[in-house]
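Before any comments, here is the structure.
The values are calculated or read from the model by the stated rules, or taken from the named source; none is laboratory data. Note that the coordinates shown come from a computational prediction; the quantities given were computed from them, not determined experimentally. Don't worry about glycine lacking a Cβ; one is built from the backbone with ideal geometry, like all the others, and counts go over all protein chains shown.
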Amino acid sequence: MLGKLIKYDLKALAKILAPLWGVLLVMGIIFGISIRSNLEGIGNTMIVFSLVVIVAVIVAIFVVNVIIVIQRFWKGLLQEEGYLMFTLPVTTRSLILSKVISALIISCGTAFVISLLGVEIIAISPVKLMDIATYFGNWVIEVHAGPWIGYGAIIAVVSLLSSIYHVYAAMVIGQLSNGNRFLFAFVAYAALSIIVSLIGIPTMESLGNMGSNLQNAFGFDSDLWIYLVENIVIIVIYHIITEVILTKKLNLE
């Protein structure tokens, strides 16, 4: 059932973002062709125009991505649609996880499309894609960057999950208010940020030995391990807050 919920949410999210992804990739093709044409003596007006559009679309994608991720949770679980969702034969945990996982996948999809845009431009423009790929591959081997790239990807995913859960926890706290629920959610978000910051400073010091042990065992800087562990703990805490409130204190509009 969790898979069906994720599929349902992804369809709703992709329905809005996919057209923007398509526009971005089309403009990437135009930009790449414009660069090639400009080198052959044609003016650079199209280069400037397509570059401006690309930047504008990227900004729009990020903004829309954030808005719809928030909207799907707010309307899907905390407003009218919540009456239907909470009557389904699934647990509250499954409802939360479906929103979190779909938000994570769609956000990673946005990152992938933007990365694909860069590859697309390089492939179409006069720059030789194979030369760049060879140079990058040699650099990864030379400086042993492979593990760091993998670790960086893990850090990015965990940080994104932490951010998503932060927003969701703030929203479920906000729905407890009988007044302006959205304003209360904003205040809750700020309060959670302050609490995490205050707790995080002494935690960094207390986890120093653990970070050193992880560094000795797996490499990488100990502070990075502490950051990773802290974010995982924060994710668990945010999930518990979200699940407990939705289970025991749900206040649908």
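From the list Ile35, Ile42, the one residue that fits, being outside any helix (DSSP H, G or I), modelled with pLDDT under 90 and either in the same structural domain as Gly109 (by TED's automatic domain parsing) or buried (at least 18 other Cβ atoms within 10 Å of the Cβ) (or both), is Ile42. For the stretch 88-96, the criterion of being closer than 21 Å to Ser177 by Cβ, hydroxyl-bearing (Ser, Thr, Tyr), touching a helix residue (DSSP H, G or I) at 6+ places or on another chain (Cβ under 8 Å) and surrounded by fewer than 20 Cβ atoms within 10 Å (Cβ to Cβ) is met by at least one residue.
In the stretch 82-98, which residues are outside any loop (DSSP other than H, G, I, E, B) and more than 20 Å from Phe184 (Cβ to Cβ)?
Result: Tyr83, Leu84, Met85, Thr92, Arg93, Ser94, Leu95, Leu97, Ser98.
The requirement of being under 30 Å from Leu176 (Cα atoms) and in a helix (DSSP H, G or I) is not satisfied by Leu25.
With respect to Tyr135, determine if the residue is modelled with pLDDT under 85, over 25 Å from Ala18 (Cα atoms) and crowded, with 16+ Cβ neighbours inside 10 Å.
Taking the combined requirement at face value, the residue does not satisfy it.
The set of residues in the stretch 1-32 that are of a type in the set (A, V, I, L, M, F, W, C), modelled with pLDDT of 85 or more and under 20 Å from Ser102 (Cα atoms) comprises Leu5, Ile6, Leu10, Ala12, Leu13, Ala14, Ile16, Leu17, Ala18, Leu20, Trp21. Only one of the numbered conditions (1) within 30 Å of Leu183 (Cβ to Cβ); (2) surrounded by 12 or more Cβ atoms within 10 Å (Cβ to Cβ); (3) modelled with pLDDT under 90 is not met by Phe62, and that is (3).
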